[in-house]
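Reading through the structure tokens given below for one structure.
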Amino acid sequence: MSVGIAAARTAVALLDRSEWGCIAVTGDDRMRFLHNQTTNDLQSLSPGQGCGTVFVTSTARTLDLVSAYVRETDVLLLTSPGMASTLVEWMDRYIFFADKVTPKDITEETFVLSVVGPQAEERLTTLVKADLPELPYAHQPITIANRAVTVAADNSLALPGYTLVGNRADADAVLSAIGDILTLPDADVEQLRIEQGLPLPRRELTEDDNPLEAGLWSAVSFNKGCYIGQETIARLNTYQGVKKRLWGLALSEAVAPETVLTLDGEKVGEVRSIAALPDGTAVGLGYVRTKAGGDGLVVQAGDAIAKVHAVPGLSHAYFEP
């Protein structure tokens, strides 16, 4: 186990996520608009609250999983890397003349840092000398090194911790105030993402996948009414029609993404992401046909043996109205 992974699991570590996208959505109609554009119930939220929600196509294919933070004058969307401009263009297609809503890509002017690990709360509380938000996705303004920062009880991983968002010009001052927390290298961040089950566009979230297959049930509301892709998602739930599911994989050795998973010589799935471990084994995320099985299933992945297992960030339960 690397030093960084150990710190994230047992102490505290820092993830520099400034390459992730940030969108500020303003205008009087912003809540209604985002409610109709994504899978979760945004209109029920008040300033200081938030949720995970998914942008999908009209046929419920995934575009991106985002964190939505409702603030007094805007909704801040934290997107996956490289997705902010894509989602702004997507939203622009659905804004009509009378709509009072403006999405703006603010990635280049924003820093995003996640402080994760069981000691994250103690470390930040000591720094800001104030209570931190507790409920998932709850957020509030704080001051660090005399700089205005939004702190959210969310880090997109199923780990304890928080995300800090502020003006990019203030990033160095905030980092200096946080002090000597280990910043994880990219390889450790990727391993944590896979182990915790955070799907990304062009990996686990593609035009071939829908949010229910991707295990994003917690980011889908089945009571909110109409939105883009709603009919398809509702039908999949009602008739239990999810034909494949995203799972964690424990592999005997590393394989390439898109390696086919087989059971008794028959294709039952596909590896989407992989992270090699120091002992020669690997962890991965991959889709497995529902009929083939799930947690505990053992399959072949090229020359490797892969055991299918649940990961903290994904769920696969059907919703009963």
Requested in this report: Would you be able to tell me the number of residues in the stretch 216-262 that are within 15 Å of G293 (Cα to Cα) and not polar (S, T, N, Q)?
Outcome: 10
Query raised in the report: Does the stretch 182-192 hold any residues that are in contact (Cβ under 8 Å) with a residue 40 or more places away in the chain and either open to solvent by less than 20 Å² (accessible area, probe 1.4 Å) or over 15 Å from R123 (Cα atoms) (or both), and which are they?
Result: L184, P185, A187, D188, V189, E190, Q191, L192
Requested in this report: Any residue in the stretch 165-178 that's touching a residue at least 24 places away in the same chain (Cβ under 8 Å): show its pairings with residues that are assigned to a helix (DSSP H, G or I) at Cβ separation under 7 Å, as long as the two are six or more apart or on different chains.
Outcome: G166/V174; N167/E109; R168/E109; A177/L127; I178/L127
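List the helices (runs of 4 or more DSSP H) that sit entirely inside the stretch 116-217 and contain at least 3 residues that are under 18 Å from V311 (Cβ atoms).
Per the criteria, 186-196.
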Requested in this report: May I ask you to say which residue of V271, V255 is hydrophobic (A, V, I, L, M, F, W, C), at pLDDT 95 or above, surrounded by 14 or more Cβ atoms within 10 Å (Cβ to Cβ) and not in a strand (DSSP E or B)?
Outcome: V255
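Yes/no matrix, rows are residues, columns are (1) more than 23 Å from S46 (Cα to Cα); (2) out of contact with any Asp or Glu (no Cβ under 9 Å at 6 or more places or on another chain):
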residue: V128; (1), (2): yes, yes
residue: D131; (1), (2): no, yes
residue: D154; (1), (2): no, yes
residue: L164; (1), (2): no, yes
residue: R168; (1), (2): yes, no
residue: I178; (1), (2): yes, yes
residue: D188; (1), (2): yes, yes
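Consider S80 carefully, then state whether it is modelled with pLDDT of 95 or more, closer than 21 Å to W217 by Cα and open to solvent by less than 40 Å² (accessible area, probe 1.4 Å).
On the way: modelled with pLDDT of 95 or more: yes; closer than 21 Å to W217 by Cα: yes; open to solvent by less than 40 Å² (accessible area, probe 1.4 Å): yes.
Answer is yes for this residue.
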Report summary line: Over the stretch 38-57, the set of residues within 19 Å of T86 (Cβ to Cβ) and open to solvent by less than 10 Å² (accessible area, probe 1.4 Å) is T38, T39, G52, T53, V54, F55, V56
Query - Check on L159, open to solvent by 20 Å² or more (accessible area, probe 1.4 Å), hydrophobic (A, V, I, L, M, F, W, C) and out of contact with any Leu (no Cβ under 7 Å at 6 or more places or on another chain) - result: yes
Report summary line: Residue count, the stretch 83-113, condition loosely packed, with under 15 Cβ neighbours inside 10 Å and not charged (D, E, K, R), comes to 5
Query raised in the report: Which numbered condition trips up A152, out of (1) of a type outside the set (S, T, N, Q); (2) under 19 Å from P118 (Cα atoms); (3) out of contact with any His (no Cβ under 7 Å at 6 or more places or on another chain)?
Result: (3)
Query raised in the report: Does the stretch 14-29 contain any residue that is without any contact (Cβ under 8 Å) to a residue 12 or more places away in the chain and either crowded, with 22+ Cβ neighbours inside 10 Å or farther than 30 Å from L277 by Cβ (or both)?
Result: no
**Report entry** the stretch 104-125 residues that are within 30 Å of T86 (Cβ to Cβ), paired with ones that are hydroxyl-bearing (S, T, Y) and exposed (fewer than 14 other Cβ atoms within 10 Å of the Cβ) (beta carbon under 7 Å, 6 or more apart)
**Finding:** D105/S85
Requested in this report: Evaluate the following for G4: is it assigned to a strand (DSSP E or B), in contact (Cβ under 8 Å) with a residue 24 or more places away in the chain and either closer than 28 Å to V283 by Cβ or open to solvent by 30 Å² or more (accessible area, probe 1.4 Å) (or both)?
Outcome: no
Query raised in the report: Among the residues of the stretch 276-302, which ones are open to solvent by less than 10 Å² (accessible area, probe 1.4 Å) and either in contact with a helix residue (DSSP H, G or I) (Cβ under 8 Å, 6 or more places away or on another chain) or more than 24 Å from N210 (Cα to Cα) (or both)?
Result: A282, G284, L285, V299
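Name the residues in the stretch 218-238 that are of a type outside the set (G, A, S), open to solvent by 20 Å² or more (accessible area, probe 1.4 Å) and outside any loop (DSSP other than H, G, I, E, B), would you?
Result: Q230, E231, T232, R235, L236, T238.
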Requested in this report: Mind listing whichever residues of the stretch 139-165 are farther than 23 Å from G215 by Cβ and of a type in the set (A, V, I, L, M, F, W, C)?
Outcome: I142, I144, A145, A148, V149, V151, L164, V165
Report task. State whether the residues of the stretch 17-26 include one that is assigned to a loop (DSSP other than H, G, I, E, B) and over 14 Å from L77 (Cα atoms). Result -> no
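The values are calculated or read from the model by the stated rules, or taken from the named source; none is laboratory data. Values in this document were obtained by computation on a predicted structure and should not be read as measured data. All Cβ positions, even for glycine, are placed from backbone atoms using ideal geometry, and neighbour counts span all protein chains on display. Quick note on the areas: whole protein, heavy atoms, side chains included, nothing else; ligands and nucleic acids left out. Shrake-Rupley method; radii C 1.70, N 1.55, O 1.52, S 1.80 Å.
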